Structure formats: C-alpha cells, structure tokens
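Every read-out reported here was derived from the displayed coordinates using simple, explicitly stated rules and does not represent laboratory data. In this text, all values refer to a predicted model and were calculated from it rather than measured experimentally. Glycine also receives a Cβ, built like all others from the backbone with ideal geometry; neighbour counts cover every protein chain displayed.
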C-alpha cells in the first residue's frame, strides 16, 4: 500500500521547490545566461523537482508491484502503462524533457566556463 505520509512529504518538498524557483520567474534569458549562480540555482532546483516526482512515481510503482523503470522518462511511461498517469500527460512530459534538454545544451554551449 502506498505510504501517504511519504507522498505528502514529497509533495510538500515539491511545493517548497516551486516557491523557491518561482523567485527566478522574472529572470530574462540574457540574465540567466550571464549569471552562473542563477543557472546553478535554477538548474539544481529543477533537478530536485524532477527527482522528487520520480521518487513519488517509483514509490507508487514499487508498492503496486509494477515493473521497475529504467530511466526518469521511463518512470512516467510506467505510470501511464499502469493507468496511473493519464495519456495526455505523457506527450507533455516528453515535449518538456526535450525542450529542457535542448535549452540546457544551448545555454551551456553559449555560456563561458560551461561545457
């Protein structure tokens, strides 16, 4: 059975991270690219949010005796396969993941000191 306390704690963590990253919503792309500290804060906070979502998903999958995912993206695919995550969210996740990865790569390529 899914431990609701664990899920609630993880959701509270997500809420905290969202509040923290929201402080950077007004940062322009140019300001982001020129400030490695802002990059580090935003990138790390997004990573922590993704990891927290994956932790929640893995907890649900494990407790349900479902297959173990092989990657973060596969985690959300496994939720969909088990009708835990609606079909309409999977393309959004894939699009966001693709967009985030290309943005990350282009930002690193155009930012001195990052490669």
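At q = 0.16 Å⁻¹, what log₁₀ I(q)/I(0) does a Debye calculation on the Cα points of the stretch 1-47 give, no solvent, two decimals?
So the normalised log intensities work out to -0.52.
Work out Dmax and Rg for the stretch 1-89 from the C-alpha atoms and quote the Rg first, both in angstrom.
So, for the stretch 1-89, Rg and Dmax equal 15.7, 47 Å respectively.
If each residue's Cβ is checked for other Cβ atoms within 10 Å, how do 17, 24 rank with the fewest at the top?
Ordered from fewest to most neighbouring Cβ atoms within 10 Å, 17, 24 come out as 24, 17.
Just rank 14, 61, fewest to most, by other beta-carbon atoms within 10 angstrom.
Neighbour counts put them in this order, fewest first: 14, 61.
Sort 67, 33 so the one with the fewest other Cβ atoms within 10 Å of its own Cβ comes first.
67, 33
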